[in-house]
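Heads up: the structure comes next, in structure tokens.
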Amino acid sequence: MRAMGIGEVAKRVALRPSAIRYYEKAGLLPAPDRVSGRRRYGEAVLERLAIIRFAQRVGFRIAEIKLLLDGFAVRPPPERWRRMARQKMAEANLLIREATTMRDLLRRTLRHKCPKLVERGAAVASCPRAAAVAKRRAPDR
């Protein structure tokens, strides 16, 4: 197995070296060996980075990815992935429902010559689905 420098790894996975250093600092990548102070990586880091990239693409945050990979050199166990993926899918389904409600509310207001935003805002309180979306979207105070 040939060791690679951070630049070569970055090039092979289409990331910046700073992203790789960030993943190390965040605990997503194990600390690499060093030769004369330079990072040296084995081929396994490419798999790990592919998993990180995929997990980010499907909505996992850094802390969630760290939990997913915790205790495993390269690949997490399938049962851990399935459990976390089901949870993430439930979150995605909720976001989809919220976005659909938002779109429907906007579409309804656009059908009217005068959108009557005050009346529509009052109506949101009487619609459980819309009220739930509005509550989650309200700014923290």
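The values are calculated or read from the model by the stated rules, or taken from the named source; none is laboratory data. Computed from a predicted model, the values in this text were never measured in an experiment. Neighbour counts are summed over all protein chains in view; Cβ atoms, including those assigned to glycine, are modelled from backbone coordinates with ideal geometry.
Tabulated results
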| quantity | calculated |
| --- | --- |
| Some residue of the stretch 28-39 being of a type in the set (Asp, Glu) and in a helix (DSSP H, G or I) | no |
| Some residue of the stretch 59-68 being within 30 Å of VAL124 (Cα to Cα) and under 14 Å from the mean Cα position of the chain (by Cα) | yes |
| Options GLU91, GLU43; residue that is under 21 Å from MET4 (Cβ atoms) and surrounded by fewer than 16 Cβ atoms within 10 Å (Cβ to Cβ) | GLU43 |
| Residue in the stretch 46-63 that is surrounded by 13 or more Cβ atoms within 10 Å (Cβ to Cβ), modelled with pLDDT of 95 or more and touching a Gly at 6+ places or on another chain (Cβ under 6 Å) present | no |
